[in-house]
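The values are calculated or read from the model by the stated rules, or taken from the named source; none is laboratory data. Just so we're clear, the structure is a prediction, and the values are computed from it rather than from any experiment. Just so you know, the surface numbers come from the protein's heavy atoms only, side chains and all, with ligands and any DNA or RNA stripped out. Shrake-Rupley method; radii C 1.70, N 1.55, O 1.52, S 1.80 Å.
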Amino acid sequence: MDSEDIVDPVDALLQELLAAIAERTADSERRDAIIDHILTDPPLREWPLESREKLIDACEYVKRLAREMRQNRQGPVSPDVD
């Protein structure tokens, strides 16, 4: 195995996320574009700072959505009464 074949854990996670998104994408052109990114994007450590910051922003947005979805499934939260 060449050192080029080793994938950093963060890159593997990003590839896994993109693969999951591609699997759930009905539009074949979009799905192909996502798969193309998986195969051709450089490792994150080689991304420009601006691109990494955009990825961080996107991750924060997804985390907020997940938190909101969990809260909605649990029902309305009662305010604490002191």
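Can you find, within segment 7-26, the residue that is farthest from Cys59 (Cα to Cα) among those that are open to solvent by 50 Å² or more (accessible area, probe 1.4 Å) and more than 12 Å from the chain's Cα centre (by Cα)?
The initial filter retains those residues of segment 7-26 that are open to solvent by 50 Å² or more (accessible area, probe 1.4 Å), namely 7-10, 13, 15-17, 21, 23-24, 26.
Those still in the list that are more than 12 Å from the chain's Cα centre (by Cα) too: 7-9, 23-24, 26.
On the way: Val7: 20, Asp8: 18, Pro9: 16, Glu23: 19, Arg24: 18, Ala26: 23 Å.
So, considering only residues that are open to solvent by 50 Å² or more (accessible area, probe 1.4 Å) and more than 12 Å from the chain's Cα centre (by Cα), the one farthest from Cys59 (Cα to Cα) is Ala26.
Identify all residues within segment 8-24 that are part of a helix (DSSP H, G or I) and among the charged types (D, E, K, R); write none if there are none.
Let us first name the residues in segment 8-24 that are part of a helix (DSSP H, G or I), namely 9-23.
Listed by number, the residues that qualify are Asp11, Glu16, Glu23.
If you check Glu29, Glu50, Glu4, which single one turns out to be open to solvent by 80 Å² or more (accessible area, probe 1.4 Å), at pLDDT 95 or above and over 18 Å from the mean Cα position of the chain (by Cα)? Spell out the reasoning first.
Numbers: Glu50 fails: over 18 Å from the mean Cα position of the chain (by Cα); Glu4 fails: at pLDDT 95 or above.
From the options Glu29, Glu50, Glu4, the qualifying one is Glu29.
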